[in-house]
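Undergrad: Before anything else, here's the structure in question.
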Amino acid sequence: MALLEVKDLKVYFRIRKGTVKAVDGVSFNLDAGETLGLVGESGCGKTTTAFAITKLLANNGYIAGGEIYFDGQKIAEPVPDFGKGLLAGAKATKFEKMQEEKMQTIRWKQISVIFQSAMNAFNPVYKVGDQIMEALRVHEKMTKEQARQRTIELFQLVGLDPRRLTGYPHEFSGGMRQRAMIAMALACNPKLIIADEPTTALDVIMQDRILKEIKDLQRKFQISMIIITHDISVVAEVADKIAIMYAGKIVEYGDIVAIFHRTSHPYSIGLLGAFPSIKGKKRRLDAIPGSPPDLANPPTGCRFHPRCKYVKDICKDKDPEFVEVEKNHWTACHFAYEVFNARISAEEVRM
């Protein structure tokens, strides 16, 4: 049984001009000890998916469809009345209160988050050590001294000097804050860590160091992980499988080797072509024309069709279904098999 199961998840946001379908039918599984990379351009729904799992959506956001199971337990399902109780200024319904009470026993203790910006994730007026100790005292019911000793161990685990426990967030460098954020995520020995752009704004040397630390800690404690990023090179270093998102949907899903070498969706090909490689011949980087669509008024049919160079009439009229182009490799494209076979042929020529 998978540790995490996301089934046809739909997350919508109420705004003045209508409803934004930020996540619109996303499904994936994650096994114990496994790492999934969620990849895509900014605004494609990656972070919204993560916040739906942890129930950290903004007041105007709600789960409009689908279900989420964690460790065999249902932790999320559609909100009745399409989120009317979640709108700003409205009181939470009984159903919403019950869901939040359930999540309080899971959030941080079993599922933790490494937030995108550690500077913003920490409270600037509290010492970093005190913030980690607070999480331990609330969720693990530790005494103050027990929490302090555990925090010292966590600092040592991520390569931070325990004397920095009394420092404030602004007194830490970017890399140190990110390590402290990882320490906080590990505090309660969770089964799943969601890392939202864990290396944002770090230089390449510090980025490599942080990624190696995350991977080492994951192996040591057999933690499952979801890495959210727009940088496909980050995923290549740490993930076992990849879900590529575009405009609120997963367009390609499979193990890392299949996605990198036998890509079968035009958007995935565009993403891979936009990143340089240190191996092989030098080449001009590709660029995907246009911009992601407005999710309050998405295009009909395949949402990628306005930017796709392979577009046909069917792409404009009909939403493509997921097809399994090979074992454990799915693609949502009307011409997935043609693209897949073309990539296989190109790979054989290179070999």
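The values are calculated or read from the model by the stated rules, or taken from the named source; none is laboratory data. Because the structure is predicted, anything quoted here is derived from the model rather than measured. Neighbour counts run over all protein chains shown; Cβ positions are idealised from the backbone, glycine included. Areas reflect the complete protein model, heavy atoms only, side chains present, ligands, DNA and RNA absent. Shrake-Rupley method; radii C 1.70, N 1.55, O 1.52, S 1.80 Å.
Undergrad: So, with a 1.4 angstrom probe, what is the percent of accessible area on the chain that is carbon and sulfur?
TA: Ligands and nucleic acids excluded, carbon and sulfur reach 52 percent.
Undergrad: Also, I was wondering about something else. Using DSSP, restrict attention to beta bridges with both residues in the chain and report what percent are antiparallel, rounded to the nearest 5.
TA: So the antiparallel bridges in the chain amount to around 65 percent.
Undergrad: Protein chains only, probe 1.4 Å: how do Glu324, Glu34, Glu77, Glu252 rank by accessible area, largest first?
TA: Reading off the accessible areas and sorting them downward yields Glu324, Glu77, Glu34, Glu252.
Undergrad: Moving on. Report, in debye and to the nearest 20, how large the dipole of the stretch 202-351 comes out about its Cα centre when Lys and Arg carry +1 and Asp and Glu carry -1 on their Cβ.
TA: 440 debye
Undergrad: If you line up the long axis of helix 336-350 against the longest principal axis of the chain, both from Cα atoms, how many degrees apart are they, to the nearest 10?
TA: Between helix and principal axis, roughly 90 degrees.
Undergrad: At R0 = 25 Å, how high is the FRET efficiency between Ile344 and Phe275 if r is their beta carbon distance? Nearest 0.05 is fine.
TA: 0.75
Undergrad: I would also like to ask the following. Which residue, Arg219, Arg179, Arg107, has the most motion in a Gaussian network model of the chain that connects Cα atoms within less than 10 Å?
TA: Arg219
Undergrad: Which of these, Val251, Val311, Val39, has the largest mean-square fluctuation under a Gaussian network model of the chain (Cα springs below 10 Å)?
TA: Val311
Undergrad: Note down the net charge around Met1, summing +1 for each Lys or Arg and -1 for each Asp or Glu among other residues with Cβ under 10 Å from its Cβ.
TA: Charge balance in the 10 Å sphere: -3.
Undergrad: Further question: Tell me the mean residue ellipticity at 222 nm calculated for the chain from its helices only (DSSP H runs of n ≥ 4, each -39500 (n - 2.57), averaged over every residue, nearest 500).
TA: Per the formula, -10500 deg cm²/dmol.
Undergrad: Once you put a point 7 Å from the Cα of Asn189 and another 7 Å from the Cα of Lys141, both along the Cβ direction, what distance in nm separates them?
TA: Once both label points are built, they end up 1.6 nm from each other.
Undergrad: Also, I was wondering about something else. Summing Lys, Arg as +1 and Asp, Glu as -1, what charge do residues with Cβ under 13 Å from the Cβ of Tyr310 carry, Tyr310 excluded?
TA: Summing Lys and Arg as +1 and Asp and Glu as -1 gives +3.
Undergrad: For the full complex of protein chains and a 1.4 angstrom probe, list Met176, Met245, Met98 by accessible area with the highest value first.
TA: Solvent-accessible surface, decreasing: Met98, Met176, Met245.
Undergrad: Once you place label points 7 Å from the Cα toward the Cβ at Asp319 and Val257, how far apart are they in nm?
TA: 3.4 nm
Undergrad: OK, next. Test of understanding: extend the Cα→C-beta vector of Met119 to 7 Å, then name every residue of the stretch 133-172 with backbone N under 13 Å from that spot.
TA: Answer for the stretch 133-172: 169-172.
Undergrad: Further, regarding this structure: Would you work out which of Ile344, Val26, Phe322 lies farthest towards the positive end of the dipole of the chain? Charges go on Cβ: Lys and Arg +1, Asp and Glu -1.
TA: Val26
Undergrad: Also: Rounded to the nearest 20 Debye, what is the dipole magnitude of the chain about its Cα centre when Lys and Arg each give +1 and Asp and Glu each give -1 at the C-beta?
TA: 640 debye
Undergrad: Find how much the distance from Asp286 to Lys312 grows on full extension, using 0.36 nm per residue of separation minus their present alpha carbon separation; answer in nm with one decimal.
TA: Gain in length upon complete extension: 7.2 nm.
Undergrad: Note down the nm distance, to one decimal, between modelled labels 7 Å out along Cα→Cβ at Asn59 and at Ala236.
TA: 4.4 nm
Undergrad: Taking 0.36 nm per residue of separation and subtracting the Cα-Cα distance, what length does fully extending Ala296 through Glu77 add?
TA: Value of the extension gain: 76.6 nm.
Undergrad: Picking from Ser268, Ser224, Ser291, which is most flexible by a Gaussian network model of the chain using Cα springs under 10 Å?
TA: Comparing Ser268, Ser224, Ser291 in a Gaussian network model of the chain, the most mobile one is Ser291.
Undergrad: Which one, Thr166, Phe304, Ile205, is farthest towards the positive end of the dipole of the chain when Lys and Arg carry +1 and Asp and Glu -1 on their Cβ?
TA: Thr166
Undergrad: How much accessible area per residue does the stretch 1-78 have, counting only protein heavy atoms and a probe of 1.4 Å, in square angstrom?
TA: 38 Å²
Undergrad: Additional query: Going down the table (Lys249/Lys281; Lys127/Lys241; Lys21/Lys191; Lys241/Lys316; Lys10/Lys241), which pairs top 27 Å between alpha carbons?
TA: With Cα atoms farther than 27 Å apart: Lys249/Lys281; Lys127/Lys241; Lys21/Lys191; Lys241/Lys316.
Undergrad: Determine the sum of side-chain charges near Ile132: Lys and Arg each +1, Asp and Glu each -1, restricted to other residues whose C-beta is under 12 angstrom from that of Ile132.
TA: +2
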